[in-house]
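Below is one structure, written out as structure tokens; the observations come after it.
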Amino acid sequence: MFALHVHAMVVLAFTLANLARFADRTSIGTMVDVVALLGLAVYIIVALQRVYAESWARTVLETVLLWVVYLSVFSAGVAVLVLYGLLTC
């Protein structure tokens, strides 16, 4: 349930960032992207600390490890899909 909540927040943040970029194509859109990413990082760390009630150091360490694993699995999935697409053309 926690993962769904976090993913919903990620989708909301990126939706708002994309709307800002669509509305104003200058550096404000880029600034909103940076604020959204930093805000999400802080939000996820605080949410994990509140839900699991661990120390801040352990929460930050686990969050970094979680991001590494998540990005590794995501990257591997994208690589598989790209290879599949290239091999079936």
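Nothing in this text is a laboratory measurement; each read-out follows from the coordinates by a stated rule. Since we're looking at a predicted model, the values are computed, not measured. Every residue, glycine as well, gets a Cβ built from its backbone with ideal geometry; the counts of neighbours run over all protein chains shown.
Numbers for the structure displayed
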read-out	value
Equivalent ellipsoid semi-axes, the range 2-87, via Cα gyration tensor eigenvalues times 5, rooted, Å	25, 23, 11
Sites residue 21 and residue 61, calculated FRET efficiency, Cβ-Cβ separation with R0 35 Å, nearest 0.05	0.60
Test item: Cα-centred dipole of the chain, Lys/Arg +1 and Asp/Glu -1 on Cβ, debye	60
Chain lengthening between residue 35 and residue 69 when straightened (0.36 nm per residue, less Cα-Cα)	9.9 nm
Computed over the chain: relative contact order in percent, which uses C-alpha pairs under 8 Å that are six or more apart	17
Cut-off 15 Å between beta-carbons: net charge of the residues surrounding residue 47, Lys and Arg +1, Asp and Glu -1	0
Full-stretch length increase - residue 88, residue 76 - with 0.36 nm per residue and alpha-carbon distance subtracted	2.5 nm
